[in-house]
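Step one of this worksheet: look at the structure below.
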Amino acid sequence: MALASSALTALVPLSILIGAVLGKFVHYDAAERVIKRYNLTGSGATAVSSLFSPAQGAGTSVGIFGVVFLTISVLSFTRAAQRLFEQTWELKPLSVRNTRNGLWWILTLGGYAVLTALLSAVVGRGRLGLAAVACQVLVTAAFLVWSGWILSAKRIGQSDLLPFGITAALLTAAYSVGATVYLPRLFNSYASRYGVVGAVFAMISAIFAAMFVIVASAALGREVGDELGRIRRGHRPSDHEVRRQWDSVVEQTRSRWRTAREQVSHRRIKSPDR
């Protein structure tokens, strides 16, 4: 949730600022890209357009305090991502001492977003955009491996991050396909109920799901990396230890199944009284 909230407060104003700056040189509309990416229509498209567009008659200039607060929001997001890798790989936290790498990472994140958008525009044919998703897997894996390496101040080797990058890229691709189907309904539903604020609710829900995928992939990637490292070093548990762990897993599963059955039976007995 910390990753999702910091991503929302950093990426939305950053997208608006980039759109205001690039709009003077090329046609760039963040709202239009979101609408086309997820095929939004009706109230959902209207809410996204209102969210990413400046108010009527308002200027697009950015004051010094706006730049300061935007920088703070962006760095808050980079430090949240940095803490993910530090906690997962049990590293000593660097906090603001890694600010330079954090700024470099956020710039590269912008480049990654542009590249994936170009892939979607070029090969994103079809309702689900499966061709674009397949092409983005390698790009996403490379970016995530590099992200863990730079945000950890190069304390995690890229080979150690490879299981995380591959897992996260595959799960992100699956999430992207699911989001293409589900997000239009989510945006339209929230926008119909809450107006422009509904687009914010829908975005935080979508970002939360994406961050959940990243966090789960980091934990799984760390475990897979450690296991591969033990195999390379020739460390193999004894057959007795493997059997003991397996019996423990089976017993826990059976215990939870019995508990679930007892709870269901208890509710069925109480239901006629109601």
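Every read-out reported here was derived from the displayed coordinates using simple, explicitly stated rules and does not represent laboratory data. Note that the structure is a prediction, hence the values are computed from the model and not measured. We place every Cβ from the backbone using ideal geometry, glycine too, and count neighbours over all the protein chains shown.
On the basis of the beta-carbon distance and an R0 of 22 Å, Val123 and Glu32 show a calculated FRET efficiency of 0.70.
Ordering Ser189, Ser152 from the fewest to the most neighbouring beta carbons within 10 Å gives Ser189, Ser152. So what's the net charge close to Pro163: Lys and Arg +1, Asp and Glu -1, counting the other residues with Cβ under 12 Å from its Cβ? Residues near Pro163 contribute -3 overall.
Highest mean first, the peptides 227-233, 79-85 sorted by other C-beta atoms within 10 Å per residue fall in the order 79-85, 227-233.
Quick one: if the Förster radius is 45 Å, what FRET efficiency do Gln263 and Ala209 give, using the C-beta to C-beta distance and rounding to 0.05? So the FRET efficiency works out to roughly 0.95.
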